Amino acid sequence: MSEVRGEVAIVGVGHTEQGEFPGVSPETLSVRAVRAALDDAGIDRSAVDGLITCKSIQGLNADVTVGPLLGISPPYSQTLDYGTCNFSLHLAVQAILSGLASTIVLCYGANARTVRFPFGAAPATLAGAAGLMHIAGPAAMALQRHKALYGTTDEQFGWIAVSEREWAARNPLAIFREPMTMDDYLAMPYMVEPLRRPDVTMLADGGVALVVTTAERAADFPHDPVYVLGIAEQSAIQGEQRPGYVMRPWLADVATRIWGTTGLKPSDIDALYIQNPTAVWVLQMLEAYGFCPEGEAGPWLAEGHTRPGGDLPLNTNGGQLSESYMWGWLHMVEAVRQLRGDAGERQVSGAEVAMYCSTQAWVKGGASILSTRT
């Protein structure tokens, strides 16, 4: 989709606080985030002609429930079962390019922490039949495989969680901000061997929203627009039927598409964001997208590339391991703020190009590249 480049821009971002909000529905949290995003964009709801909601596991959070709370019936509306912000953004890009809408609000809300949603229950899949509870079970298998193939050590892998905690310490929104050294990390017991607690996301309540519009309209908003340079996706919906599914080899197909359609390469990325319900996703995607050679992510991480001051700042918000869960939506908010130069103490100097990579577990993946220039 090379025609995407510079045709659509993100002009507003918003979110609630993150944590626990008893008695507050996912829909209400979405609406609060939308209001914040509209304020950030300097517009009111009358300027919106599109609404894309992301269905929470914990509730509907559908366009037909969020729209009435916002008091809007836009010409275009849709709900995705799993947005991770990437898939929702891609749908918005397609809607805008096709002329279905010109200014779209995207939102997500969740109250998983308050309702104590049972993520540890067995999935209705072969993995569940094998006793692999939660996403951490198959992820732990993938890390064991990586260790067996390439000699990856606990300490090398631990730099993902430790570096995200270092970034989170600079982010007032983050839930986990207390310092964590490598010694602290290694002293923790395994939760699902070889994963420790800091390798797996926490649950949180909250809402996140973005405002997306045409490039022509983008100049009318108060903040510098952040343009979409390219998008790519790859389905792997056969899931466990595919050989080596826990290693997710199809991630390389997303990488091939995003680099091919944009003409960019890994060295062009100033700030990288990887959705990470587990740190294993980071390990896999660093290799799949070519930021380091296959099998070498462990030593590469140990060299400090992703830490504050490194040459590839990664999940500068603290990621899902230290900032908040939010299905990765806050990664996109952070990417926009970095490109605007609004990230405060964690600002990456001279950031002009950011990338966000996400997946729906083992069944689909997507990537977006954003920039302040076209």
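To make sure I understand, if each residue's beta carbon is the centre and we count other beta carbons within 10 Å, what order do Asp205, Asp342 fall in, fewest to most? Can you show the working numbers first?
Working: Asp205 26, Asp342 14.
Fewest-to-most ranking of Asp205, Asp342: Asp342, Asp205.
Helix 329-340 sits at what angle to the longest principal axis of the chain, using alpha carbons and giving 0 to 90 degrees rounded to 10? The two axes meet at around 70 degrees.
Of all DSSP beta bridges in the chain, what percent run antiparallel (nearest 5)? About 70 percent, rounded to the nearest 5. Between Asp39 and Leu100, the contour length at 0.36 nm per residue exceeds the alpha carbon distance by 19.6 nm.
Please state the charge dipole magnitude for the chain, taken about the Cα centre, from unit charges on C-beta atoms (+1 on K and R, -1 on D and E), reported in debye and rounded to the nearest 20.
On the way: 25 positive and 39 negative charges, 119 e Å.
Computed charge dipole of the chain: roughly 580 debye.
Report the residue, chosen from Met326, Met355, Met182, that carries the largest GNM mean-square fluctuation when the chain is represented by alpha-carbon nodes joined by springs under 10 Å. Result: Met182 has the largest fluctuation of those listed. Spread over its residues, the convex hull of the C-alpha atoms of region 221-283 is 141 Å³ per residue. In order along region 88-104, the Karplus-derived 3J(HN,Hα) couplings, from 6.51 cos²θ - 1.76 cosθ + 1.60 at θ = phi - 60°, round to 5, 4, 4, 5, 5, 4, 5, 5, 5, 5, 8, x, 6, 7, 10, 9, 10 Hz, and Gly and Pro are given as x. Taken over the alpha carbons of region 245-329 as equal point scatterers, the Debye sum produces base-10 log I(q)/I(0) values at 0.17, 0.24 Å⁻¹ of -0.73, -1.39.
Relative to the longest principal axis of the Cα atoms of the chain, the long axis of helix 26-41 lies at roughly 70 degrees. With distances taken between every two different alpha-carbon atoms, region 189-326 has a Kirkwood hydrodynamic radius of 17.3 Å. Computed over the chain, relative contact order equals 25 percent, with contacts defined as Cα pairs under 8 Å that lie 6+ residues apart.
Please get the size of the charge dipole for region 1-120, origin at its Cα centre, with Cβ charges of +1 on Lys and Arg and -1 on Asp and Glu, quoted in debye to the nearest 20.
Values: 7 positive and 11 negative charges, 57 e Å.
The dipole of region 1-120 has a size of about 280 debye.
Only Cα sites of region 128-248 enter the Debye sum here, all with the same form factor; the resulting log10 I(q)/I(0) across q = 0.17, 0.18 1/Å is -1.07, -1.11, listed in q order. Taking θ as phi - 60° and the Karplus parameters 6.51, -1.76 and 1.60, the scalar couplings of region 224-239 work out to 4, x, 10, 7, 8, 8, x, 9, 7, 9, 8, 7, 9, 5, 5, x Hz in sequence order, x denoting glycine and proline.
Angle of helix 154-168 to the longest C-alpha principal axis of the chain, folded into 0 to 90 degrees and rounded to 10: 30°.
Normalising the Debye intensity of region 196-237 to I(0), with uniform scatterers on Cα atoms only, and taking log10 at q = 0.29, 0.34 Å⁻¹ returns -1.04, -1.22.
Please order His90, His331 by the number of other Cβ within 10 Å, starting at the fewest.
Listed from fewest to most nearby Cβ atoms, that is His90, His331.
Shape analysis of region 300-374 yields a ratio of the Cα radius of gyration to the Kirkwood radius, Rg/Rh, of 0.96.
Bear in mind these aren't lab numbers, they're just calculated from the coordinates by the rules spelled out. On a predicted model such as this, the values are computed, not experimentally measured, just so you know. When we count neighbours, we look across all protein chains shown, and the Cβ atoms used for this are built from the backbone with ideal geometry, even at glycine.
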